[in-house]
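Engineer: What follows is a single structure, and I will ask about it in a moment.
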Amino acid sequence: MASPIVPSRRILYLLLATAVVLMTVDSRGAGPIGAARGAVFAVTSPLRSVIGWAFSPIGATWNGAVHFDDVETENADLRARVAELEGELADIPDDVEELAQLKTALGIEDAERMTTVVAAVVEDRNTSVERIVEIDRGSADGVQQDMAVVTGQGLVGYVVEVLSDNRSVVRLITDGRASVGVTVRRTGGQGIASGIGSFQPLDLDLAIDSRGEVRAGDIFQTVGVDTSRYPGGIPVGRLIVDADTGKTALTPLADLDRLVFVSVILDVETTP
Amino acid sequence: MSSIRWQRAVPILLLVVLVQVTILDQHWLLGRARVDLPIILVVGIAARAGAEDAARLGFLVGLLVDFFQFGPFGLNASVLCLVAWSLAVAKVRMLEPGALFHSVQSAVAVVLATVVTWTAAAIFGLTPPPFEIGVILTMLLIGVSAAALVHPATVLTGTFLEARMNTDRRGAEFVVG
C-alpha cells in the first residue's frame with residue numbers, strides 16, 4: 001500500500017536558482033568554475049583513459065562500418081591530389097629561388113614570424129549543441145586562453161580554456177560564439193565571418209563597399225587588427241555565393257571534420 | 001523523504017557521464033544523432049523516483065555533464081533538473097503503463113528534453129543543429145536510442161534508489177509497494 005508524503009516544490013526552485021547563479025558566475029568569466037572544471041578533467045583523466053581503452057575495439061569497428069565509404073572516397077581523392085602536387089612540386093625550387101632573389105632586390109622581409117607549438121587532438125567530441133576539441137598542450141607549453149589555433153591549411157579556432165599543464169580546449173571557428181574579421185587580398189574587401197554550427201560554412205557579413213568586388217572562390221584571410229585574437233594573414237575560407245539569394249559564406253580551408261594535429265600560435269613577432 | 005543512496009548514485013552517475021563523454025560523444029548514429037545517456041538516465045530516474053529525488057538527481061546528472069562541456073555552466077543542470085521533475089510529477093499519466101508504451105513515451109520524453117536543451121542552448125548563443133528536413137531523422141534516431149535504452153536505465157536507477165516512488169494527481173508523493 002501507499003504511504004503519503006508531503007510534496008514540495010521548494011527543492012526544484014532551489015536547484016533552478018542554484019543553476020542560474022552558476023550560469024551567472026560562469027558568464028562573468030569568474031575563475032572558480034574554470035578551476036573546478038580543470039580539476040574534474042584532471043581527476044577523471046585516468047578513468048576516461050581506461051574507458052576509452054576498453055571501448056576502443058568497439059569504436060574502431062563502429063568507425064570502420066560507418067566511415068568505410070568515406071575513407072574509400074577520400075583515398076581516391078587523395079591519390080589524385082598527390083599526383084597533381086607531384087607535378088607542381090617540380091617547379092617549387094625555381095619559384096623559391098626567384099622569390100628570394102626578388103625579396104633581396106626589393107629589401108622585403110617577412111612581415112610576421114609566428115612562434116607555434118604543435119599539438120595533437122586527443123579528443124574531438126560533439127555534444128548536441130557544441131563541438132569540443134581537446135589538445136595535448138597546456139600551460140606548461142605556454143598555451144594561454146584566446147590564442148589562435150591553425151593547421152597548415154588555415155584557421156581552426158582559438159583556445160577557449162587551458163585545463164591543465166598539458167590539456168587545453170579549442171573552440172572552432174564554426175562555433176556559434178566565434179567570429180573573425182576577414183579580408184580578401186585580391187580586392188582588399190573586408191567582412192566578418194561568424195560560425196553557425198559544426199559542419200556548417202561560416203556566415204560572411206561583407207562590408208557594404210566590398211559586396212560588389214568579391215566573387216565565388218575568393219580566399220579570405222584574417223585581418224589581424226590589434227584587438228583581434230587572430231594574427232593577420234591566416235587563410236580562413238573560400239567564398240561561396242548562393243545563386244538565388246546572393247548570400248555569402250565561407251567554406252573553412254582547414255579540414256575541421258578530421259583534425260589530428262594543430263598548431264597553437266604562441267607569439268607573433270612583427271618586423272618593422 | 002529521500003530514497004537516494006548517494007554513495008552508489010554519485011559514482012554510477014559519474015560513470016555514465018564519462019561513458020557519454022569518452023565514447024558516445026565521438027560516435028554518432030548515421031552522422032546525425034548521438035545516443036544521449038544522461039537524458040535517457042534522467043527519464044529512467046523519473047520513472048522510479050519521487051519528484052524531489054528526481055529533481056536532485058537530474059540536477060546532479062546535468063551538473064556532471066556541465067563539467068565536460070563549455071557552454072554556460074549550469075545549463076544542463078537546470079534543464080535536466082526540470083525535465084526529471086516534470087516527468088516524475090507526470091509519470092502517473094506518462095510512464096506507468098506497459099513496457100512498450102513506456103518505451104514509446106520515454107522516446108518522446110527524450111526527444112522533447114533534447115529540444116528543450118537545444119532551445120536553452122540557442123538562448124546562450126550555442127548552435128544546435130539547424131531545423132531542416134534532416135532534423136526529423138535526427139529526432140527519430142534519438143527516439144529509437146532512447147526507447148531501446150530506457151529499460152536498462154530504469155534498472156540501473158534501481159541500484160541507487162531505496163524505494164520506488166510515485167506522485168498522485170494532486171502532487172503528493174508516495175512509496176509504491
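Engineer: What average number of partner chain Cβ atoms lie no more than 10 Å from the Cβ of the residues making up B:41-52?
Structural biologist: Working: counts 0, 0, 0, 0, 0, 0, 0, 0, 0, 2, 5, 8.
Partner Cβ neighbours, averaged per residue: 1.
Engineer: Comparing A:G188, A:G246, A:G217, which has the greatest mean-square fluctuation in the GNM of chain A with Cα pairs linked when under 10 Å apart?
Structural biologist: Most flexible of the set in this elastic network: A:G246.
Engineer: Another one. Over the range A:119-182, what relative contact order in percent results from Cα pairs under 8 Å that are six or more residues apart?
Structural biologist: Working: 130 pairs, mean separation 18.3, N = 64.
Computed value for the range A:119-182: 29 percent relative contact order.
Engineer: Right, something else. Inside 10 Å of the C-beta atoms of B:58-68, what's the mean count of C-beta atoms belonging to other chains? Please list the in-between numbers first.
Structural biologist: Working: counts 2, 7, 1, 0, 2, 4, 2, 1, 7, 8, 10.
Mean inter-chain Cβ contacts per residue within 10 Å come to 4.
Engineer: For a quick check, take a GNM of chain A with Cα springs below 10 Å and name the residue from A:V82, A:V182, A:V223 with the largest mean-square fluctuation.
Structural biologist: Ranking A:V82, A:V182, A:V223 by mean-square fluctuation puts A:V82 first.
Engineer: Still on this structure: Calculate how steeply helix A:92-106 sits against the longest principal axis of the alpha-carbon atoms of chain A, using the helix alpha-carbon long axis, and give the answer as 0 to 90 degrees to the nearest 10.
Structural biologist: Around 80 degrees separate the two axes.
Engineer: Using only the alpha-carbon atoms, how far is helix A:31-89 inclined from the longest principal axis of chain A? Give it as 0 to 90 degrees, nearest 10.
Structural biologist: With both axes taken from Cα atoms, the answer is about 30 degrees.
Engineer: Further question on the same structure: Take every Cα pair under 8 Å in the range A:154-226 that's 6+ residues apart, average their separations, divide by the length, and report that relative contact order as a whole percent.
Structural biologist: Details: 128 pairs, mean separation 18.5, N = 73.
In percent, rounded to a whole number, it is 25.
Engineer: Right, something else. Taking other Cβ within 10 Å of each residue's Cβ, how do A:Y13, A:Y230 sort, fewest first? Display every interim value, and only then the final one.
Structural biologist: Values: A:Y13 11, A:Y230 26.
By the 10 Å Cβ count, ascending: A:Y13, A:Y230.
Engineer: Please give the average number of partner chain Cβ atoms lying within 10 Å of the Cβ of each residue in B:73-80, rounded to a whole number. The partial results should precede the final answer.
Structural biologist: On the way: counts 13, 12, 5, 3, 7, 8, 2, 1.
Across B:73-80, the average partner-chain Cβ count within 10 Å equals 6.
Engineer: Right, next: Taking the 0 to 90 degree range and rounding to the nearest ten, how far is the long axis of helix A:10-27 tilted relative to the main principal axis of chain A, both from C-alpha atoms?
Structural biologist: Tilt relative to chain A: about 20 degrees.
Engineer: A further question follows. Can you tell me, using C-alpha contacts under 8 Å and at least 6 residues apart, the relative contact order of chain A as a whole percent?
Structural biologist: Numbers: 439 pairs, mean separation 46.5, N = 272.
Relative contact order here is 17 percent.
Engineer: What is the order of A:V262, A:V149, B:V104, fewest Cβ neighbours within 10 Å to most? Don't jump to the answer; show the numbers that get you there.
Structural biologist: On the way: A:V262 22, A:V149 28, B:V104 15.
Listing A:V262, A:V149, B:V104 from fewest to most nearby Cβ atoms yields B:V104, A:V262, A:V149.
Only the coordinates and a few stated rules stand behind these numbers; no lab work does. Please read all numbers here as calculations on a predicted model, not as lab measurements. Heads up, the Cβs are rebuilt from the backbone with ideal geometry, glycines too, and the neighbour counts pull from every protein chain shown.
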